[in-house]
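Novice: Please see the structure below; I have some questions.
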Amino acid sequence: MPRTSRRSALTSALVLAASVSATVSASALLTACSPGTESSPQPVTPEGYTLTEVPTLGLSLAVPADWTTLTSDGLDDDDLVRTVAEALKQDVDSLREQAATFHLISVDADAVGFAENLVVSQYELEGGLPPEEELAEITEGDQVNSSDYVRRTTGSGADAALYTASGVLGGSRQDFHIAFMAIMTGAIASATTSAASPAGGATASSPADSVTFVLIKATSTDRAQELADVVLESI
């Protein structure tokens, strides 16, 4: 998992976001937190969704059961890659070239017209969850008609930030509906090798936070919100 600055990580996370589909937006959130209980919080996967493992990230999240999912483990499956690329209106080679920027893509491959989709990536960031202005960079250059930013808690109790927006894409002038999440998935103590250290040994560097980004593009504000709530509750 790459460790990088906040801005470069977000830039990398958005490279695929800018190209995986044509239309997207989401707004007003529903706080999906359950009433207080003495038991530890537990992730929930509702009916109609499948809990799907994200390879190498040590986490799973819910995606619609009838969507087609591609992970880094499936890049050698030509039929699967072609199906996902066609649904996203992308070239197969271009999709493979973008493999380094995502860990999972799930898409409604049976959709007629715009295919709703979800993309997962992860980076090590210093300083915790991104604030609103950083997540809002995903809509830079677009006309945003409504947006919102809230702090949330996942089904297992992890901290998360959710930015939602709706408007018109700057290039195609199509409506968009998105939900963009940043989820704390662990603190990572990394080490670096320093030539100045005794015998060139490893010296501890400042700890970084493992932050998982989930971008959802949907056909409506309500649908983007529904998908975001399910993802957060399932992690």
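The values are calculated or read from the model by the stated rules, or taken from the named source; none is laboratory data. For clarity, every value in this text was computed on a predicted model and none was experimentally measured. Neighbour counts are summed over all protein chains in view; Cβ atoms, including those assigned to glycine, are modelled from backbone coordinates with ideal geometry. Each accessible area value is taken on the protein alone, full model and side chains, heavy atoms only, with ligands, DNA and RNA left out. Shrake-Rupley method; radii C 1.70, N 1.55, O 1.52, S 1.80 Å.
Novice: For the subset of the range 58-91 comprising residues that are of a type in the set (A, V, I, L, M, F, W, C) and at pLDDT below 95, which member is surrounded by the most Cβ atoms within 10 Å (Cβ to Cβ)?
Specialist: First, pick out the residues of the range 58-91 that are of a type in the set (A, V, I, L, M, F, W, C): 59, 61-63, 65, 67, 70, 75, 80-81, 84-85, 87-88.
Of the ones still in play, those that are also at pLDDT below 95 are 59, 75.
Numbers: L59: 21, L75: 13.
Taking the candidates together, the pick is L59.
Novice: Would you mind stating whether A196 is over 24 Å from A228 (Cα atoms) and either open to solvent by 30 Å² or more (accessible area, probe 1.4 Å) or at pLDDT below 75 (or both)?
Specialist: On the way: over 24 Å from A228 (Cα atoms): yes; either open to solvent by 30 Å² or more (accessible area, probe 1.4 Å) or at pLDDT below 75 (or both): yes.
Considered against the rule, which asks whether it is over 24 Å from A228 (Cα atoms) and either open to solvent by 30 Å² or more (accessible area, probe 1.4 Å) or at pLDDT below 75 (or both), A196 comes out as yes.
Novice: If you don't mind, another one. For L125, state whether it is open to solvent by less than 10 Å² (accessible area, probe 1.4 Å) and modelled with pLDDT of 95 or more.
Specialist: On the way: open to solvent by less than 10 Å² (accessible area, probe 1.4 Å): yes; modelled with pLDDT of 95 or more: no.
Criteria not met by L125.
Novice: Further question: Any residue in the range 147-159 that is farther than 26 Å from L57 by Cα and out of contact with any Lys or Arg (no Cβ under 9 Å at 6 or more places or on another chain)?
Specialist: Filtering the range 147-159 for residues farther than 26 Å from L57 by Cα gives 147-148.
Adding the requirement that they be out of contact with any Lys or Arg (no Cβ under 9 Å at 6 or more places or on another chain) leaves 147-148.
Yes, there is a match, as at least one residue in the range 147-159 is farther than 26 Å from L57 by Cα and out of contact with any Lys or Arg (no Cβ under 9 Å at 6 or more places or on another chain).
Novice: If you don't mind, another one. Select from the range 128-145 the residues that are open to solvent by less than 30 Å² (accessible area, probe 1.4 Å) and either free of Cβ contacts under 8 Å to residues at least 24 places away in the same chain or in a loop (DSSP other than H, G, I, E, B) (or both) and write down the one among them that is farthest from G186 (Cα to Cα). Steps first, please.
Specialist: Applying the first criterion (open to solvent by less than 30 Å² (accessible area, probe 1.4 Å)) to the range 128-145 yields 128-130, 135-136, 139.
Next, only the ones that are either free of Cβ contacts under 8 Å to residues at least 24 places away in the same chain or in a loop (DSSP other than H, G, I, E, B) (or both) stay: 128-130.
Details: G128: 10, L129: 11, P130: 15 Å.
Out of the qualifying residues, it is P130.
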